[in-house]
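What follows is a single structure, written as structure tokens, with notes after it.
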Amino acid sequence: MSRALQVAKVADREKTAARLLKSSADKFYDPDIDIDWDAPIPADKHFHPEHRISLYGTEIWDRLTPEQRLELGKHEIASIASTGIFFEVLLMQMLLKQVYKHDPTTDHVHYLLAEIADECRHSTMFGKACRRFSVPAYGPRRWVKNLAKILPLLGRGPSAYAAILVAEEVLDRMQRENMADPELQPLIRMVNRIHVLEEARHVTFARQEVAKGMARAGWLAKHYHRALTAFVSYFVALSLINPKVYKAVGLDPRVAWKAAKANPHFQETMRFWGERIMKFLTEADLVGGPGMLLWRRSMLLAT
Ligand SMILES: [Fe+2]
Ligand SMILES: [Fe+2]
């Protein structure tokens, strides 16, 4: 890269960082202050829209009572929120590595630190919500958690940001729908609203990093980033629902999870949640090659 091009690239990055920092200062929530954690929990409000629950429309669903359906929704949203914490922690590790490498006097590094601070508050907020509703923070399956320890070591450049974008944008699609749903618990709607507002700048930042990284990647690097993005995204999708949630309504986790994966309604929900990020990743040339098998299994891709 020529010296002039490098200077232009740094200037460009600084401009975006300055704009996002301004947004961080303007749109900022403190869940300790902005959420009333002691507010009563209405008994008749849902925790997750029924049509987005993994077993909705199956024979098992037909046998569940209205109370069991509500309870299952509560546990599924706890699984999704705690998986969100897990991916936020992975992202924070990767962002901290970038802070370590770059000049701390730049807006770019200040923005990275602001994003880490956002994610710290989000993870606290999701953890507090699980505690308020007395549901376990399921997180991903144990073996996925162990396998993911290698991600901060492998993840660099566009695929690191792409993998995190998949988690952020899938959650974002779900939360935009939920925050507008009057049938849902007010606390859930508020948590979703705060997360959607603050995540918008993370998405802008990560999308820019992915597009820039892919534009200068060579043939081999492109194939590496495609494969790693497909691999991590498969685990993002797989981890949203921890099969242990089904125990809360007396179901066998293996039988229920098998039914959920084969459920056309749930497949459509996953496709809906993945629709926006898959369009972006396809345009960024990150979807293709041997990773297609994993993309199809993730249910995020329209078939
Ligand atoms: Fe977040
Ligand atoms: Fe984020």
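I'd like the orientation of helix 157-179 relative to the chain: the angle between its Cα long axis and the longest Cα principal axis, in ° from 0 to 90, rounded to 10.
With both axes taken from Cα atoms, the answer is about 40 degrees.
Cross-link partners among lysines for Lys101, C-alpha distance below 24 Å, same-chain residues fewer than 8 apart left out?
Correct list for Lys101: Lys9, Lys15, Lys22, Lys149, Lys212, Lys222.
Give the shape of the stretch 187-232 as rounded, prolate or oblate, defined through the alpha-carbon gyration tensor: a ≥ b ≥ c are the square roots of its eigenvalues, a/c under 1.5 means rounded, and otherwise the shape is prolate if a/b is larger than b/c and oblate if not.
oblate
Considering lysine pairs in the stretch 234-303 that are 8 or more places apart or on different chains, how many have Cα atoms under 20 Å apart?
Close lysine pairs under the 20 Å cut-off: 4.
In whole Hz and in residue order, list the ³J(HN,Hα) couplings for the stretch 40-57 that follow from phi through the Karplus curve 6.51 cos²θ - 1.76 cosθ + 1.60, θ = phi - 60°; x for Gly and Pro.
In residue order, the calculated couplings are x, 9, x, 6, 9, 8, 7, 9, 8, x, 3, 6, 9, 6, 4, 9, 3, x Hz.
For the stretch 182-217, run through the GluC sites (Glu not before Pro) and keep only the ones in DSSP coil with at most 16 other Cβ atoms within 10 Å of their Cβ.
Passing both the DSSP loop test and the Cβ count: Glu183.
Of Ala25, Cys130, Val166, which is farthest towards the positive pole of the chain's charge dipole, taken about the Cα centre with +1 and -1 on the beta-carbons of Lys, Arg and Asp, Glu respectively?
So the residue furthest toward the plus end is Val166.
So if I average 1/r over every pair of distinct C-alpha atoms in the stretch 243-289 and take the inverse, what Kirkwood radius in Å does that give? Don't jump to the answer; show the numbers that get you there.
Working: mean 1/r = 0.0792 Å⁻¹.
For the stretch 243-289, inverting the mean 1/r across all distinct Cα pairs yields 12.6 Å.
Going by a ≥ b ≥ c, the root eigenvalues of the Cα gyration tensor, does the chain fall in the rounded group (a/c under 1.5), the prolate group (a/b larger than b/c) or the oblate group?
It comes out oblate by the Cα gyration axes.
Among the chymotrypsin sites (Phe, Trp or Tyr not before Pro) within the stretch 29-98, which fall in a DSSP loop and have no more than 12 other Cβ atoms within 10 Å of their own Cβ?
Filter output for the stretch 29-98: Trp37.
Just round it to a whole percent: the fraction of Cα-Cα distances in the stretch 76-177 exceeding 18 Å. Before the final figure, lay out each step's value.
Numbers: 2698 of 5151 pairs.
Cα-Cα pairs of the stretch 76-177 separated by over 18 Å account for 52 percent.
Rounded, prolate or oblate, given the Cα gyration tensor of the stretch 153-303, with a/c below 1.5 counting as rounded?
The shape class here is oblate.
Over the alpha-carbon set of the stretch 1-98, divide Rg by the Kirkwood Rh and report the Rg/Rh ratio to two decimals. Please list the in-between numbers first.
Working: Rg = 22.0 Å, Rh = 18.2 Å.
We get a ratio of 1.21 for the stretch 1-98.
For the chain, what does -39500 (n - 2.57) per DSSP helix run (n ≥ 4), summed and divided by total residues, give at 222 nm, in deg cm²/dmol to the nearest 500?
Mean residue ellipticity, 222 nm, calculated: -23500 deg cm²/dmol.
Using +1 at the C-beta of Lys and Arg and -1 at the C-beta of Asp and Glu, which of Phe87, Pro40, Tyr56 has the Cα lying farthest in the positive direction of the dipole of the stretch 30-104?
Result: Phe87.
Loop only by DSSP, 14 or fewer other Cβ within 10 Å of the Cβ. Give me the trypsin sites (Lys or Arg not before Pro) in the stretch 136-165 that pass, ordered by residue number.
Sparse-neighbourhood loop trypsin sites (Lys or Arg not before Pro): none present.
With a point put 7 Å past each Cα toward its Cβ, work out how far Lys145 is from His102 in nm, to one decimal.
For the pair Lys145/His102, the computed spacing is 3.1 nm.
Could you calculate the contour length gain from Val10 to Thr282, that is, 0.36 nm times the residue separation minus the distance between their Cα atoms, to one decimal place in nm? Kindly include the intermediate steps, with their values, before the conclusion.
On the way: separation 272, 0.36 × 272 = 97.92 nm, distance 2.63 nm.
Computed gain between Val10 and Thr282 is 95.3 nm.
Determine the dipole magnitude for the chain: charges of +1 sit on the beta-carbon of Lys and Arg, -1 on that of Asp and Glu, nothing else is charged, the reference point is the Cα centre, and the result goes in debye to the nearest 20. Provide the component values of the computation, followed by the final result.
Details: 43 positive and 35 negative charges, 259 e Å.
Around 1240 debye, computed over the chain.
Can you give the angle from 0 to 90° between the axis of helix 219-239 and the longest principal axis of the chain, with both taken from C-alpha atoms, to the nearest 10?
20 degrees
Can you tell me the relative contact order of the chain? Whole percent, Cα pairs under 8 Å, sequence separation 6 or more.
Averaging sequence separation for qualifying contacts and normalising by length gives 25 percent for the chain.
Just to check I understand the Karplus step: with θ = phi - 60° and J = 6.51 cos²θ - 1.76 cosθ + 1.60, what whole-Hz values come out for the stretch 112-122, glycine and proline as x?
Once rounded to whole Hz, the list reads 4, 5, 5, 5, 4, 4, 4, 5, 4, 5, 4.
Values in this text are rule-based calculations from the coordinates and carry no lab data. Not measured: the values here are computed from a predicted model. Every residue, glycine as well, gets a Cβ built from its backbone with ideal geometry; the counts of neighbours run over all protein chains shown.
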